[in-house]
């Protein structure tokens with residue numbers, strides 16, 4: 001039986017050993033990693049744990065109600081649309097994220113998608129293997145230098161994308177009504193006040209916003225119609241920000257040149273999804289933050305957030321609902 005002052009942590013889905021090593025190093029921590037039957041296990045056992053780490057598993061109000069000992073929930077990532085934040089806040093439980101642990105990695109993936117689309121990497125690779133060197137004339141590529149980029153959401157990832165694209169010679173615009181002019185200036189981005197204004201002039205649009213009520217289907221039939229028919233759209237943020245049916249129609253009809261998707265409404269996505277039949281689309285399995293170096297950083301930050309919560313020294317920058325940390329006057 002655990003000692004009275006022992007804290008118990010439930011790690012939901014496997015994480016890199018860089019995170020687990022932090023737990024092993026603490027004599028006052030017991031932990032358990034679960035990878036199967038997640039919902040049923042949590043329904044039955046969550047009342048035994050003081051801290052929980054999450055990847056894809058939702059954290060509902062019903063689960064939170066079953067967890068009287070719970071004092072921290074830590075996301076292995078930065079999105080939290082599957083977590084009932086108000087229910088946690090009502091209990092005074094902080095929800096933490098990994099901050100900028102994956103920002104540079106996701107930005108690299110976005111850049112990979114931009115380059116792959118601009119240089120038609122997969123089509124040219126296949127043709128070259130088949131001995132068809134005429135593809136360079138029959139299916140020409142384009143430069144990114146001098147093109148206009150619109151970053152939708154100038155947060156941690158958006159700023160990393162901006163830095164790389166400025167170095168590549170893009171004219172970088174950004175839309176984010178929630179940050180001040182000083183942040184735009186520091187990121188060397190031109191502020192766009194109205195989303196449609198940016199969409200209208202952009203050669204490449206990349207999305208970096210959380211999935212919330214006001215961002216679901218923010219890229220839809222109407223906003224896609226504003227974009228240039230030669231433009232690219234990249235979504236490495238969250239599924240549901242793009243209306244997938246509207247995107248399919250725009251790509252198939254040639255009203256949009258190409259797109260790159262790392263996230264989808266349904267994940268894993270069924271193989272017969274209509275988008276998957278299109279050639280002017282590059283896809284990846286919600287893996288923008290999957291490189292091993294990023295997995296190690298994210299795991300360590302995720303676990304460290306749990307330990308910091310236990311130790312009463314949480315970094316407020318990592319907390320989604322920092323109001324739970326404030327001491328009433």
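Some notes on this structure:
- Taking every residue in the stretch 196-213 that is free of Cβ contacts under 8 Å to residues at least 24 places away in the same chain and pairing it with any residue that is surrounded by 16 or more Cβ atoms within 10 Å (Cβ to Cβ) and in a strand (DSSP E or B), at least 6 positions away or on another chain, the pairs with Cβ-Cβ distances below 9 Å are 197/173; 197/175.
Here's the yes/no breakdown for (1) in the same structural domain as residue 13 (by TED's automatic domain parsing); (2) surrounded by fewer than 17 Cβ atoms within 10 Å (Cβ to Cβ); (3) out of contact with any strand residue (DSSP E or B) (no Cβ under 6 Å at 6 or more places or on another chain); (4) not in a helix (DSSP H, G or I):
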{"site": "256", "(1), (2), (3), (4)": "no, no, yes, yes"}
{"site": "259", "(1), (2), (3), (4)": "no, no, no, yes"}
{"site": "269", "(1), (2), (3), (4)": "no, no, yes, yes"}
{"site": "272", "(1), (2), (3), (4)": "no, yes, yes, yes"}
{"site": "297", "(1), (2), (3), (4)": "yes, no, yes, no"}
{"site": "302", "(1), (2), (3), (4)": "yes, no, no, no"}
{"site": "313", "(1), (2), (3), (4)": "yes, yes, yes, yes"}
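- Residues (assigned to a loop (DSSP other than H, G, I, E, B) and on the phi < 0 side of the Ramachandran plot) located in the stretch 274-295: 278, 279, 280, 284, 285, 287, 288, 289, 290, 291
- Any hit, the stretch 68-79, residues being more than 25 Å from residue 317 (Cα to Cα) and either in contact (Cβ under 8 Å) with a residue 12 or more places away in the chain or assigned to a strand (DSSP E or B) (or both): yes
- Of the residues making up the stretch 10-28, those that are more than 22 Å from the chain's Cα centre (by Cα) and more than 17 Å from residue 67 (Cβ to Cβ) number 9.
- Considering the stretch 46-56, the residues that are modelled with pLDDT of 95 or more and in a loop (DSSP other than H, G, I, E, B) include one that is surrounded by the most Cβ atoms within 10 Å (Cβ to Cβ), namely 49.
- Filtered residues of the stretch 121-162 (kept if closer than 13 Å to residue 190 by Cα and either free of Cβ contacts under 8 Å to residues at least 40 places away in the same chain or surrounded by fewer than 16 Cβ atoms within 10 Å (Cβ to Cβ) (or both)): 162
- In the stretch 57-67, the residues that are buried (at least 17 other Cβ atoms within 10 Å of the Cβ) and not in a loop (DSSP other than H, G, I, E, B): 59, 63, 64
The values are calculated or read from the model by the stated rules, or taken from the named source; none is laboratory data. These numbers come from a predicted model, not from an experiment. Cβ sites come from the backbone with ideal geometry, for glycine too, and all protein chains shown count toward neighbours.
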